[in-house]
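The values are calculated or read from the model by the stated rules, or taken from the named source; none is laboratory data. Computed from a predicted structure; not experimentally measured. Cβ placement follows ideal geometry from the backbone for every residue including glycine, while neighbour counts extend to all protein chains displayed. Accessible surface is based on the protein model in full, side chains and every heavy atom, while ligands, DNA and RNA are left aside. Shrake-Rupley method; radii C 1.70, N 1.55, O 1.52, S 1.80 Å.
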Amino acid sequence: MATPIQSQTDQRAIGHFVGGQAVPGAEGSRTAAIYNPALGVQTGEVALASADEVNAAVETAAQAQIAWGATPPLRRARVMFRFKALIEANHDRLAECITREHGKTFSDAKGEVVRGLEVVEFACGIPHLIKGEYSPSVGTGVDSYSMQQPVGVCAGITPFNFPVMVPLWMAPVALACGNSFILKPSEKDPSAGMLLAELLQEAGLPDGVFQVVNGDKEAVDALLTHPQVGAISFVGSTPIARYIYETGAHHGKRVQALGGAKNHAVVMPDADMEQTVDALMGAAYGSAGERCMAISAAVPVGEETADRLVAGLKQRLESLTVGDGLADPEPEMGPLVTAEHRDKVAGYLDIGTAEGAELVVDGRQASLPGEGFFIGGSLFDRVRPGMRIHSEEIFGPVLSVVRAADFEAALGIVNAHPFGNGTAIFTRDGDAARSFGDRVQAGMVGVNVPIPVPMAFHSFGGWKESRFGVLHAHGPDAVRFYTQMKTITQRWPKGVREGSAFVMPTM
């Protein structure tokens, strides 16, 4: 077994970040335990904010937003440039923070930081992104122009699986647009959000413009109902996404709520099988399957294709290494985030077997470290639509193979599923790929790309029960979400003109 780089067993107490500084939870606050999932030991506790604490943070954010919203976009962009540099300088520190509390491997965590950093880079271009439109002479002596102004106080409710990337999908664009932002991260891994707050403060963001309020449903409900919160962003499971959307909209807020997924990969007979197996191993078992963009269902076309795919996956799974994500050498897969989640995933293996699917590889029988919340990669074959292991999001290292007779049958399997987050097709046939891209009912599509997460200058979001709300995350849709358009039509009477000025204007 590989040796961890170092172990952390010291208990830490995490509060909140309000008004430009870290603050403890209120006296008598409820708390939640924080674990190192690779060691299986508690490493600290986090305060769970009361509604009163959330309301106080919102008041602080509302006051701070007034001056920040009036700050020229170029100056706001300069804060984002400094924030970008600080993330780069603290890349390993952020990644280690992720691995210690989430469990994913260190290299995977570093990749998460990069994908979040790309949104910060996008936000650095905010002066261009919110320029608005101008139409002269819409009438005699009349001009019209539009401007994109801040919403005000915005909030982000983020999941445990990407404690750096998902907050960075939200906050940089919201801040660059002139809003203040309150982050409510997962109570399972809150340290990364606190570190991001420190880096933003170091980058020169004024006190109170970015705040972290740790908590659970009480904190979430306080944000959803507070009259001064104008916009809510959420990433998580579909039942909670629906609740966030309906509750926030009921209280007059704009809401983008990204939910669950069951991402399918269609494998055509002409696909390069070795490359396909490699791609599916990473897409299904990377980050222990705890990704909303993980491939959790493979749909091979034809029995021969299915047999070759299952044989290739089985062989690879037999050598899959599982262990502490900070170990040297690094394993391919780390633990699940909690013991409860590990047991839930294990329970799906029993459910699938009872439903009649063939459990080709049982992750519970893998060679696993003695401590921590580990489970190996699992593979089901001959899964049928309607089985719970196909219809429900397992959110763990379990891949289901759903065999299809032909292309049309495979496409039908994907389109019939209630989730429509991401999908992929593996083929050498351009016609099949084009038809699939045109007709598949999913928000993000990969052609020989297993996890088709758009780059930061495009927008991220699924269809059907994978997204609630009109606008997607990051990219151009994020600018629209975090701003309100105002159109002004003006006519000026003729009057006295001022004299000339010969000094270069500055901000």
Legend entry - Exclusive hit being modelled with pLDDT of 95 or more, under 17 Å from the mean Cα position of the chain (by Cα) and not polar (S, T, N, Q), set GLY386, GLY412, GLY446, GLY462: GLY462
Legend entry - Candidate set from the range 226-263 (those that are more than 19 Å from the chain's Cα centre (by Cα) and either charged (D, E, K, R) or crowded, with 24+ Cβ neighbours inside 10 Å (or both)); member that is nearest to GLY156 (Cα to Cα): VAL229
Legend entry - Residues satisfying the stated conditions in the range 155-170, i.e. closer than 15 Å to PHE395 by Cβ and of a type in the set (S, T, N, Q): ASN161
Inset, instruction - Restrict the check to the range 482-500 and report whether at least one residue is part of a loop (DSSP other than H, G, I, E, B), without any contact (Cβ under 8 Å) to a residue 24 or more places away in the chain and closer than 23 Å to GLU121 by Cβ. - result: no
Legend entry - Failed item, numbered, when THR506 is tested on (1) modelled with pLDDT of 95 or more; (2) surrounded by fewer than 11 Cβ atoms within 10 Å (Cβ to Cβ); (3) within 27 Å of GLU121 (Cα to Cα): (1)
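Of all residues in the range 340-376, how many are hydrophobic (A, V, I, L, M, F, W, C) and open to solvent by 30 Å² or more (accessible area, probe 1.4 Å)?
Final tally of qualifying residues: 6.
Can you confirm whether the range 31-40 contains a residue that is closer than 25 Å to VAL173 by Cα and assigned to a loop (DSSP other than H, G, I, E, B)?
Scanning the range 31-40, I find no residue that is closer than 25 Å to VAL173 by Cα and assigned to a loop (DSSP other than H, G, I, E, B), so the answer is no.
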Inset, instruction - Please work out which one of (1) under 21 Å from PRO239 (Cα atoms); (2) open to solvent by less than 30 Å² (accessible area, probe 1.4 Å); (3) not charged (D, E, K, R) is the condition ALA433 fails and give its number. - result: (1)
Legend entry - Hits in the range 175-189 - residues which are over 15 Å from the mean Cα position of the chain (by Cα) and surrounded by 24 or more Cβ atoms within 10 Å (Cβ to Cβ): LEU175, ALA176, CYS177, GLY178, ASN179, SER180, PHE181, ILE182
Inset, instruction - Would you be able to tell me the number of residues in the range 206-219 that are surrounded by fewer than 24 Cβ atoms within 10 Å (Cβ to Cβ) and in contact (Cβ under 8 Å) with a residue 40 or more places away in the chain? - result: 5
Legend entry - Within the range 115-147, tally of residues that are more than 18 Å from ALA171 (Cβ to Cβ) and either in a strand (DSSP E or B) or basic (Lys, Arg) (or both): 13
Inset, instruction - Inspect the range 453-466 for any residue being part of a loop (DSSP other than H, G, I, E, B) and touching a Ser or Thr at 6+ places or on another chain (Cβ under 8 Å) and give the result as yes or no. - result: yes
Inset, instruction - State which residue pairs qualify: first residue under 18 Å from GLU340 (Cα atoms) and assigned to a loop (DSSP other than H, G, I, E, B) and inside the range 372-384, second residue at pLDDT below 95 and among the small types (Gly, Ala, Ser) in any location, beta carbons under 8 Å apart, and separation of 6 or more residues or different chains. - result: ILE375/ALA366; GLY376/ALA366; GLY376/SER367; GLY377/ALA366
Inset, instruction - Could you identify the single residue in VAL337, VAL266, VAL299 that is assigned to a loop (DSSP other than H, G, I, E, B) and either touching a strand residue (DSSP E or B) at 6+ places or on another chain (Cβ under 9 Å) or free of Cβ contacts under 8 Å to residues at least 24 places away in the same chain (or both)? - result: VAL337
Legend entry - Filter result (over 30 Å from ARG100 (Cβ atoms), among the hydrophobic types (A, V, I, L, M, F, W, C) and open to solvent by less than 20 Å² (accessible area, probe 1.4 Å)) within the range 280-339: ALA297, ALA298, VAL299, VAL301, ALA306, LEU309, VAL310, LEU313
Legend entry - Answer residue from the range 111-141, given it is among the small types (Gly, Ala, Ser) and loosely packed, with under 13 Cβ neighbours inside 10 Å and is nearest to ALA85 (Cα to Cα) among those: SER135
Inset, instruction - Tell me which residues, restricted to the range 278-293, are part of a loop (DSSP other than H, G, I, E, B), out of contact with any Ser or Thr (no Cβ under 9 Å at 6 or more places or on another chain) and not basic (Lys, Arg). - result: GLU290, MET293
Inset, instruction - Give the residues of the range 288-305 that are under 20 Å from the mean Cα position of the chain (by Cα) and farther than 18 Å from GLY462 by Cβ, sorted by residue number. - result: ALA288
Legend entry - Total residues in the range 385-411, condition part of a loop (DSSP other than H, G, I, E, B) and among the β-branched types (Val, Ile, Thr): 2
Legend entry - Residue that is open to solvent by 20 Å² or more (accessible area, probe 1.4 Å) and among the β-branched types (Val, Ile, Thr), where the choices are THR489, THR427, THR483: THR489
Legend entry - Filtered residue count, the range 156-212, keeping only those that are part of a helix (DSSP H, G or I) and of a type outside the set (A, V, I, L, M, F, W, C): 7
Inset, instruction - Select, from ALA26, ALA22, the only residue that is in a strand (DSSP E or B) and under 22 Å from PHE210 (Cα atoms). - result: ALA22
Inset, instruction - Go over the candidates ASP92, ASP108 one by one and state the one that is surrounded by fewer than 18 Cβ atoms within 10 Å (Cβ to Cβ) and closer than 28 Å to GLU187 by Cβ. - result: ASP92
Inset, instruction - For the range 142-156, state whether one or more residues are open to solvent by less than 30 Å² (accessible area, probe 1.4 Å), in contact with an Asp or Glu (Cβ under 9 Å, 6 or more places away or on another chain) and either under 30 Å from GLY252 (Cα atoms) or free of Cβ contacts under 8 Å to residues at least 24 places away in the same chain (or both). - result: yes
Inset, instruction - Could you list, in sequence order, all residues of the range 51-85 that are within 24 Å of the chain's Cα centre (by Cα), among the small types (Gly, Ala, Ser) and surrounded by 15 or more Cβ atoms within 10 Å (Cβ to Cβ)? - result: ALA57, ALA61, ALA77
